[in-house]
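Read through the structure below, which is laid out as structure tokens, and then see the notes.
The values are calculated or read from the model by the stated rules, or taken from the named source; none is laboratory data. Small disclaimer: the values here were computed from a predicted structure and weren't measured. We place every Cβ from the backbone using ideal geometry, glycine too, and count neighbours over all the protein chains shown.
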Amino acid sequence: MSDVTTSTAFVRSVLTEAKAPPKSIVGPWAWARGHLFGSVFDALLTAFGLFLIGWMVWQVLDFAVLRAVWSAENGEACRPEGVGACWPYVGAYWKQFVYGRYPEPERWRATLVFLIFAATLIPLAIPKLPHKRLNALAFFVGMPIASFFLLAGGVFGLEPVETTLWGGLLVTLIVSVVGIVCSLPLGILLALGRRSKLPIIRMICIVTIEFWRGVPLITVLFMASNMLPLFMPAGMEVDKLLRALIGVAIFTSAYLAETIRGGLQAIPKGQYEGAMALGLGYWQMMGLIVMPQALKMVIPGIVNSFISLFKDTTLVLIVSIFDLLGMIQASLADPLWISPVTGKTGYLVAAIVFWVFCFGMSRYSQWMERRLATGHKR
Amino acid sequence: MATKSDGPLDAAPRVVWYNDPLWRGRFFQALTLLAVIAVAWTIVHNTAVNLERRNIAQGFGFLSTTAGFDVAQAAIDFPKDASYGRAILVGLVNTVIVAVSGVIFATIFGFLVGIGRLSHNFVISRLATAYVELLRNIPLLLQIFFWYFAVLGVLPAPRQSLEPIGGWVFINNRGLYLPEFHFGAFAGWGIVGGLVFGLVVSWVIRRWARIRQAETGAQFPSGWVSLGLIAGLPLALFAASGFDLSLVAPRKSTFNLAGGIQVIPELIALVLALSTYTASFIAEVVRAGILAVSHGQTEAARSLGLSHGHTLRLVVIPQAMRVIIPPLTNQYLNLTKNSSLAVAIAYPDLVSVGGIVLNQSGQAIEVIVIWMAIYLGTSVATALIMNVYNQRMAIVER
């Protein structure tokens with residue numbers, strides 16, 4: 001019996017090698033068929049897309065590199081037909097793009113402000129680094145105060161510099177940072193007020209938030225520059241930049257309030273109940289339990305608000321404050337450099353600067369979102 | 001240990017009145033209200049004093065004063081002696097023109113890009129991603145400047161106009177010139193009447209078909225019938241009139257073009273910039289909406305035997321739209337508010353015309369109140385409509 005079984009039956013003792021998947025499913029060819037030309041329509045789309053990409057890359061390359069003018073004393077070389085980007089114009093003007101009309105010998109102060117800004121912001125943005133509380137204090141309180149005294153001068157033997165001379169990237173940064181720093185506490189208060197159980201406070205906050213969210217920033221800036229002086233006691237002058245800053249801060253706080261409210265709503269009710277059961281009062285509960293969690297959760301939202309604020313700072317040029325775009329726009333009127341391509345070159349530079357900042361921040365916010373997506377998911 | 005409790009459990013807790021939440025709430029609310037009233041009163045008082053000192057009249061009486069300036073684009077009648085009020089009305093109409101055309105283009109473009117980002121086609125999805133990342137990270141004002149000064153500003157003068165459709169369409173640095181359409185009376189009314197009739201009848205047919213399908217399961221090709229009614233009826237009537245249409249092309253004169261419809265470059269730049277910029281946001285909204293419909297829905301629909309088209313139309317799109325529409329309206333509102341950037345390139349919209357009125361008459365408060373009232377009114381009205389919509393569309397749960 002045993003002889004028979006051993007001789008006739010075949011029992012595999014070793015697994016066969018897995019067969020390679022068919023050629024039509026794996027490999028670059030299959031990938032291309034799935035993603036590039038699965039059907040006639042797909043192939044047409046691919047061809048169209050490739051053509052579009054090629055055309056655009058060529059346009060930019062041709063304008064910015066191949067046909068560009070690299071060195072010239074003035075705009076003469078950029079005026080002939082068919083010439084590309086006028087880089088010497090950027091070379092002559094880039095300091096104005098960064099500092100505006102800030103007096104030449106005092107520009108180190110503005111540079112120092114940029115450095116302080118970077119030194120307080122970068123460690124704050126890296127979650128691994130310690131002393132977040134101290135760091136946040138330095139960024140939200142120390143940095144603005146130090147920057148103000150550095151830039152405005154008039155103390156410690158620093159030459160006073162009027163705000164009308166401030167400009168370029170410096171003002172872009174000032175408006176956006178002051179906007180976010182001032183609007184954050186205001187936004188927190190408005191968000192808390194909107195979720196308050198006290199009807200009058202809730203009403204006031206809702207009306208405030210919805211009002212500022214409902215009107216365009218330009219009208220807010222016009223209001224700040226035209227109406228704010230009327231609101232002040234007779235004879236009191238408000239600096240033009242300060243007016244714009246007030247407008248921007250109030251406007252942003254309404255948007256931030258909504259972002260923060262989203263965070264507050266995402267905190268499970270148990271957290272509130274737990275805090276109350278511990279006998280904490282309202283401000284203790286909010287300050288120690290709810291806000292730390294809610295704010296952490298809305299960091300991406302706050303960064304997104306900052307991105308739109310950063311883009312919106314360009315609007316201050318309409319109330320004649322010269323931010324980066326304003327400086328470029330003003331420099332285009334210079335007869336020395338006037339040419340058909342000067343405008344395109346200037347806008348290209350502005351676009352690159354804004355894009356690098358905004359894209360970097362949006363990537364950061366996405367990264368934070370993934371990092372924070374561990375908490376209250378249910 | 002305490003054999004006797006201090007009192008019945010259901011009695012109100014003994015709290016000193018100033019620790020009672022009710023009274024504290026009332027106290028702080030009263031305080032806030034007082035503070036708000038005090039600030040408001042100070043502002044009103046200061047403003048009144050300042051206005052008096054500067055000899056500026058108050059009130060909206062200035063609206064009937066003669067404006068004395070011209071606007072580059074007036075869709076409604078704007079005579080030489082028109083009033084400030086009329087000028088602001090012209091601006092409002094121009095804002096509506098920009099907003100409506102911007103919304104239409106942004107929607108088409110945004111949906112295309114948003115669907116493109118989800119495409120299986122590698123090139124197309126990357127192209128759409130690049131579009132979104134590029135456009136939404138560059139300030140809108142910069143984009144408006146780019147289109148207006150760097151693209152449209154360097155177009156040739158009217159005499160050297162570009163003619164994409166020779167003799168009919170002209171493009172130059174004064175804008176886009178299109179031929180005027182003159183329909184004969186029968187053709188014109190036929191087209192309008194046919195369109196309206198087609199829309200009404202196809203709505204009725206769709207309703208009837210849906211009810212019949214729900215009751216009997218029998219299907220009716222309402223899509224094709226509606227298409228035939230809406231597109232075919234006006235066309236048939238137009239044909240019946242013997243294609244009674246005359247086109248008046250713009251003609252070149254010494255320095256300019258005469259006749260035809262002129263679209264000013266400010267409007268082109270603004271609509272281009274607004275719609276391409278907003279499209280990048282709409283694309284993200286659309287993508288998020290489609291991704292929000294879980295894959296199980298598609299699989300379930302397919303296993304019920306629905307075709308690919310039916311799955312999309314009956315299962316995926318209705319659910320995606322529920323997610324898409326609220327943020328989409330937000331984008332439309334943003335576009336409308338952003339159209340106020342027109343002032344930077346002097347397109348005569350509400351803010352731009354209002355700015356001229358503000359500078360000429362000095363009536364800053366009144367002009368700004370008019371602006372804010374109009375934009376706020378639009379926002380609030382949209383928000384109310386959206387609330388009703390959301391309540392109707394909300395998923396009915398147990």
query: Quick check, is A:I302 within 17 Å of A:S253 (Cα to Cα), more than 14 Å from every other protein chain (Cβ to nearest Cβ) and surrounded by 17 or more Cβ atoms within 10 Å (Cβ to Cβ)?
result: yes
- request: Can you confirm whether segment B:211-221 contains a residue that is within 22 Å of B:L314 (Cβ to Cβ), modelled with pLDDT of 80 or more, crowded, with 16+ Cβ neighbours inside 10 Å and among the hydroxyl-bearing types (S, T, Y)?
  value: no
Residues of segment B:352-369 satisfying the condition of being more than 9 Å from chain A (Cβ to nearest Cβ) and assigned to a helix (DSSP H, G or I): B:S352, B:V353, B:I356, B:V357, B:N359, B:Q360, B:S361, B:E366, B:V369
- request: Quickly run through segment B:127-152 and pick out the residues that are of a type in the set (G, A, S) and more than 7 Å from every other protein chain (Cβ to nearest Cβ).
  value: B:A128, B:A130
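Every residue, every condition in (1) within 10 Å of chain A (Cβ to nearest Cβ); (2) assigned to a helix (DSSP H, G or I); (3) more than 29 Å from A:T208 (Cβ to Cβ); (4) free of Cβ contacts under 8 Å to residues at least 12 places away in the same chain, yes or no:
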{"residue": "B:L314", "(1), (2), (3), (4)": "no, yes, yes, no"}
{"residue": "B:A320", "(1), (2), (3), (4)": "no, yes, yes, no"}
{"residue": "B:S379", "(1), (2), (3), (4)": "yes, yes, no, no"}
{"residue": "B:N390", "(1), (2), (3), (4)": "no, yes, no, no"}
query: List, please: which pairs have Cβ atoms under 7 Å, are six or more places apart or on different chains, and start with a residue in segment A:344-369 that is without any contact (Cβ under 8 Å) to a residue 24 or more places away in the chain and end with one that is surrounded by 19 or more Cβ atoms within 10 Å (Cβ to Cβ) and of a type in the set (G, A, S)?
result: A:Y347/B:A150
- prompt: In segment A:195-225, what residues are among the basic types (K, R) and out of contact with any Leu (no Cβ under 9 Å at 6 or more places or on another chain)?
  reply: A:K197, A:R202, A:R213
query: If you scan segment A:33-42, which residues turn out to be under 14 Å from B:S125 (Cα atoms) and either exposed (fewer than 14 other Cβ atoms within 10 Å of the Cβ) or within 37 Å of the chain's Cα centre (by Cα) (or both)?
result: A:G34, A:H35, A:L36, A:D42
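Residue-by-condition table, conditions (1) out of contact with any helix residue (DSSP H, G or I) (no Cβ under 7 Å at 6 or more places or on another chain); (2) within 14 Å of chain A (Cβ to nearest Cβ); (3) of a type in the set (D, E):
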| site | (1), (2), (3) |
| --- | --- |
| B:L63 | no, no, no |
| B:D81 | yes, no, yes |
| B:A87 | no, no, no |
| B:V98 | no, yes, no |
query: Which one is farthest from A:F231 (Cα to Cα) among residues in segment B:37-62 that are in contact (Cβ under 8 Å) with a residue 60 or more places away in the chain and touching a Phe, Trp or Tyr at 6+ places or on another chain (Cβ under 8 Å)?
result: B:F62
message: Quick check on segment B:163-174. Is at least one of its residues closer than 30 Å to B:L341 by Cβ and either of a type in the set (D, E, K, R) or within 14 Å of chain A (Cβ to nearest Cβ) (or both)?
response: yes
- request: Please determine, by comparing only the residues of segment A:322-333 that are in contact (Cβ under 8 Å) with a residue 40 or more places away in the chain and outside any helix (DSSP H, G or I), which one is nearest to A:S183 (Cα to Cα).
  value: A:D323
- prompt: Which residues, taken from segment A:1-42, are aromatic (F, W, Y) and either part of a helix (DSSP H, G or I) or at pLDDT 85 or above (or both)?
  reply: A:W29, A:W31, A:F41
- request: State yes or no: is A:T219 without any contact (Cβ under 8 Å) to a residue 40 or more places away in the chain, within 13 Å of chain B (Cβ to nearest Cβ) and either crowded, with 22+ Cβ neighbours inside 10 Å or on the phi > 0 side of the Ramachandran plot (or both)?
  value: yes
- prompt: Is segment B:336-346 home to any residue that is of a type in the set (A, V, I, L, M, F, W, C), within 12 Å of chain A (Cβ to nearest Cβ) and at positive phi?
  reply: yes
message: When the residues of segment B:106-125 are narrowed to those that are more than 8 Å from chain A (Cβ to nearest Cβ) and out of contact with any Ser or Thr (no Cβ under 8 Å at 6 or more places or on another chain), which ends up nearest to A:L52 (Cα to Cα)?
response: B:L112
- prompt: Mind checking whether some residue in segment B:293-312 is within 12 Å of chain A (Cβ to nearest Cβ), of a type outside the set (F, W, Y), on the phi < 0 side of the Ramachandran plot and not in a helix (DSSP H, G or I)?
  reply: no
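This table checks each residue for (1) part of a loop (DSSP other than H, G, I, E, B); (2) in contact (Cβ under 8 Å) with a residue 60 or more places away in the chain; (3) of a type outside the set (G, A, S).
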site	(1), (2), (3)
A:L150	no, no, yes
A:L158	yes, no, yes
A:L169	no, yes, yes
A:V175	no, yes, yes
A:G179	no, yes, no
A:C182	no, yes, yes
A:L190	no, yes, yes
A:G193	no, no, no
A:K197	yes, no, yes
query: Within segment A:206-240, can you find the residues that are closer than 23 Å to B:R54 by Cα and touching a Ser or Thr at 6+ places or on another chain (Cβ under 9 Å)?
result: A:T219, A:S225, A:M227, A:L230, A:F231, A:P233, A:D239, A:K240
query: Hey, any hits in segment A:198-205 for a residue that's under 25 Å from A:R243 (Cβ atoms) and surrounded by 14 or more Cβ atoms within 10 Å (Cβ to Cβ)?
result: yes
